[in-house]
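Take a look at the following structure, please.
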Amino acid sequence: QVQLVESGGGLVQAGGSLRLSCAASGRTFGSYFMAWFRQAPGKEREVVASISRNGGTTYYPRSVKGRFTISRDNAKNTLYLQMNSLTPEDTAVYYCAAKESDSPTYNAKLYHYWGQGTQATVSS
């Protein structure tokens, strides 16, 4: 069992940056494969980045590759998402999520632990 709390969302102009954080409770943060998802109004929840348990491998969809960077600090029980070159299409609620198996997936249903989300809004 792990509890996740996101922070760092806000309002930013197109071309700007945001750095999101996800603070995890519990003693086994390093045992979880972690991911960032986002959901915009009227759209399905989609993964934007994920990272292996030890931080050695990261995964990104083509839509954000080169702009977003996921990282983790297991000693601090914290997950990060650095978002650069933002566009209005990046506007969404961003969620962090965790699952036990150390492998990537596009299927949000395989993640059993979720934060409450943080809103990121990009103006034109």
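Counting only residues 5 or more places away or on other chains, whose amide H sits under 5 Å from the amide H of residue 91 once H atoms are built in the peptide plane?
122
When the accessible area of the range 1-59 is computed with all protein chains present and a 1.4 Å probe, what percentage of it is carbon and sulfur?
Its accessible area is 45 percent carbon and sulfur atoms.
Further question: For the chain, what is the accessible area per residue in Å², given a 1.4 Å probe and the full set of protein chains?
52 Å²
Okay, next question. So if R0 is 30 Å, what FRET efficiency would residue 124 and residue 45 give, r being the distance between their Cβ atoms, rounded to the nearest 0.05?
The computed FRET efficiency comes out at 0.80.
So how far apart, in nm, are the two label points at residue 82 and residue 3 if each is 7 Å from Cα heading toward Cβ?
Label-label distance for residue 82 and residue 3, simple model: 3.0 nm.
Here's a follow-up. Stick to the Cα atoms of the range 57-100, pair each with every other, and give me the Kirkwood hydrodynamic radius in Å at one decimal.
Evaluated over the range 57-100, this radius sits at 12.1 Å.
How much solvent-accessible surface does residue 31 expose, in Å² to the nearest 10, with a 1.4 Å probe and all protein chains in place?
We get 60 Å² for residue 31.
Would you calculate the separation in nanometres between label points at residue 100 and residue 23, each defined as 7 Å from the Cα along the Cα-to-beta-carbon direction?
Result: 2.7 nm between the two label points.
Using 7 Å Cα-to-Cβ label points, what is the residue 89/residue 110 separation (nm, one decimal)?
So the label points at residue 89 and residue 110 sit 2.5 nm apart.
The values are calculated or read from the model by the stated rules, or taken from the named source; none is laboratory data. Please read all numbers here as calculations on a predicted model, not as lab measurements. Counting neighbours? That spans all protein chains shown, and the Cβs are built from the backbone with ideal geometry, glycine included. Just the protein is used for accessible areas: all its heavy atoms, side chains included, with ligands, DNA and RNA removed. Shrake-Rupley method; radii C 1.70, N 1.55, O 1.52, S 1.80 Å.
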